[in-house]
Amino acid sequence: MKYLLISLLFAAAVPAAAQTAPAGADKDIRLQTPAELARTATALEQSLIMQPENVELHLKLGFTYTRLGRADDAQRSFETAARLDPKRAIAHYMLGLIYEKKGLKAKATASWQACLENTADPHMRETALKHLNTLNAR
């Protein structure tokens, strides 16, 4: 009886986990092959159809697109994450990098400033300050 209850609990946990995180999305994207990244992007895109307001999914998709070299798609994902949660420093951090690389100085400056205002992480603050100083020197 005890084993039956345990197996039922595990059986119930699998579908619940599948609803919260797409398959493969739990593997560190830095360790994924290009084919795995493409599958992760597809799974995240499908998950966002059901959960369009999920900031975490938008962030994960943005990082996945970044690894795939899809800067425009990554930008849209990070912009959505920042719009949904304006205090999410990592979204502003990534947008600062993207905008700066694209030569969008005003947008990069605004993103780095938002990152600086919304993080307590010393490394992130230091990086934001360096980028702001560089942008202001130009």
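Scanning segment 28-45 for residues that are farther than 14 Å from Ala74 by Cβ, part of a helix (DSSP H, G or I) and polar (S, T, N, Q) yields one hit, Thr42.
Restricting the first member to segment 99-117 and to residues that are free of Cβ contacts under 8 Å to residues at least 60 places away in the same chain and closer than 14 Å to Asp72 by Cβ, and the second to residues that are basic (Lys, Arg) and in a helix (DSSP H, G or I), the beta-carbon pairs closer than 9 Å and six or more apart or on different chains are Tyr99/Lys105; Tyr99/Lys107. Checked against (1) among the charged types (D, E, K, R); (2) within 26 Å of Lys27 (Cβ to Cβ); (3) over 14 Å from the mean Cα position of the chain (by Cα), Glu45 meets all criteria but (3).
Quick note: the coordinates plus some simple rules give every number you see, no bench work behind them. Just so it is clear, the model here is predicted, and its values are computed rather than measured. Quick reminder, even Gly has a Cβ in these numbers, built from the backbone with ideal geometry, and neighbours come from all protein chains shown.
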